[in-house]
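What follows is one structure encoded as structure tokens, with my remarks underneath.
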Amino acid sequence: MNNLSNVSVPADYLPMGIMFVIAIGFVLTVMVLTHLLGPKRKSQIKSDTFECGIEPQGNSRFPFSIKYFLIAILFVLFDVEVIFMYPWAVNFLDMGLYGFVEMLIFLSMFMLGFFYIVRKGALKWE
Amino acid sequence: MSNITKAPPGYEGPGFFATKIDAVVGLARKNSLWPLPFATSCCGIEFMSTMASHYDLARFGSERLSFSPRQADLLMVMGTIAKKMGPVLRQVYEQMAEPRWVLSVGACASSGGIFDTYSVLQGIDRIIPVDVYVPGCPPRPEQILDGVMRIQELVASESIRRRDSAEYKELMASYGMQ
């Protein structure tokens, strides 16, 4: 008896199915209703790119120098590294020598990376 | 909570409430206007204090400024609009989604103000339709709030068919908009 009540049959999931149908149905109904009820106005100017009221010039999808990307991504990397140093600085005394050595390892790994990108010439602009 | 809005007039019974969709839509729109601030001069400074904690436009459900016209309901034009700025303002207005309202804040936006010169637009209603004008040079935040409340009255009482009506289309056509 006890074992039998623990057996779950697919029919037990029917309420969930009904709930999903209602949830999806509600979303669809509301989306259709808002499209029918809401006023619309279409024009060439309306569908233009929004550039703060100024006429858009050219295409936004054009190739630009990879150097910008490289510098930006490297900046983020080293910026985040500095963020890690703040909690360390706050807890400097509590963490003691252990924390100091740990931070030195972390920083030396980062400096290794820095050395690598300098040698690779990633920071060379010209 | 003393500032919960009252229910619109309707038919009430045990467990249900029936009213016009106009009233419900108006109530919802009225209390969630997203303004697009078009601040060009000193009225913009007054607007900043209107938004800040002292006057707090959030009390009227308008704390969410939209800096894209796509999501804005209310265009607040605050400040002198030079003739060169005219087309920009017009483009921003045209890119707003319907329904949209325009609040002209201050003497300059409403009429050109003291700048009766060759370079200044003598009132923004020359290029876009305006719903409410706020006088003052610059108006105090209380006056801007009053203007927003007047807009809310318009929003609450607007029929949901107004934007499809012939009069409205004629109004748009008179400004040269589709």
### Message
Is it the case, given these coordinates, that B:Glu63 is on the phi < 0 side of the Ramachandran plot, within 14 Å of another protein chain (Cβ to nearest Cβ), assigned to a loop (DSSP other than H, G, I, E, B) and of a type in the set (D, E, K, R)?
### Response
no
### Summary
Residue set B:Val134, B:Val88, B:Val92, B:Val130; condition closer than 30 Å to B:Ile4 by Cβ and of a type in the set (Val, Ile, Thr); output residue B:Val134
### Sole exception among (1) of a type outside the set (Gly, Ala, Ser); (2) modelled with pLDDT of 90 or more; (3) surrounded by 10 or more Cβ atoms within 10 Å (Cβ to Cβ); (4) farther than 30 Å from B:Met96 by Cα for A:Phe26, by number
(4)
### Matching residues, region A:73-88, being of a type in the set (Phe, Trp, Tyr) and in contact with a helix residue (DSSP H, G or I) (Cβ under 7 Å, 6 or more places away or on another chain)
A:Trp88
### Task
Write out, first by first residue and then by second, each pair whose Cβ atoms fall under 8 Å of each other, whose residues are 6+ apart or on separate chains, and whose first residue, in region B:162-178, is at the interface with chain A (Cβ under 8 Å from one of its Cβ atoms) while the second is aliphatic (A, V, I, L, M) and in a helix (DSSP H, G or I).
B:Gln178/B:Met172
### Task
Among the residues of region A:29-43, write down those that are within 8 Å of chain B (Cβ to nearest Cβ) and either assigned to a loop (DSSP other than H, G, I, E, B) or at pLDDT 95 or above (or both).
A:Gly38, A:Pro39, A:Lys40, A:Arg41, A:Lys42, A:Ser43
#### Entry: Answer residue from region B:66-83, given it is part of a loop (DSSP other than H, G, I, E, B) and either within 11 Å of chain A (Cβ to nearest Cβ) or closer than 27 Å to B:Ile160 by Cβ (or both) and is nearest to the chain's Cα centre (by Cα) among those
B:Asp73
### Message
Among the residues of region B:89-99, are any facing chain A (nearest Cβ under 10 Å), out of contact with any Cys (no Cβ under 7 Å at 6 or more places or on another chain) and of a type in the set (S, T, N, Q)?
### Response
yes
### Task
Exactly one condition in (1) within 15 Å of the chain's Cα centre (by Cα); (2) of a type in the set (Asp, Glu); (3) farther than 25 Å from B:Pro135 by Cα is not met by B:Asp22; state its number.
(1)
### Message
Being surrounded by 14 or more Cβ atoms within 10 Å (Cβ to Cβ) and either in contact with a helix residue (DSSP H, G or I) (Cβ under 7 Å, 6 or more places away or on another chain) or part of a helix (DSSP H, G or I) (or both) is the filter here; which residues of region B:163-177 pass it?
### Response
B:Arg163, B:Tyr168, B:Lys169, B:Met172, B:Met177
## Note on the structure
Within region B:123-161, the count of residues that are within 14 Å of chain A (Cβ to nearest Cβ) and either touching a residue at least 40 places away in the same chain (Cβ under 8 Å) or hydrophobic (A, V, I, L, M, F, W, C) (or both) comes to 8
### Query
Within the bounds of region A:50-61, is there any residue that is out of contact with any His (no Cβ under 6 Å at 6 or more places or on another chain), among the acidic types (Asp, Glu) and not in a loop (DSSP other than H, G, I, E, B)?
no
### strands (runs of 3 or more DSSP E) (entirely within region B:1-55) containing at least 1 residues that are within 14 Å of another protein chain (Cβ to nearest Cβ) and within 23 Å of B:Ile160 (Cα to Cα)
B:35-39
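The values are calculated or read from the model by the stated rules, or taken from the named source; none is laboratory data. Computed from a predicted structure; not experimentally measured. All Cβ positions, glycine included, derive from the backbone under ideal geometry; neighbour counts span all protein chains shown.
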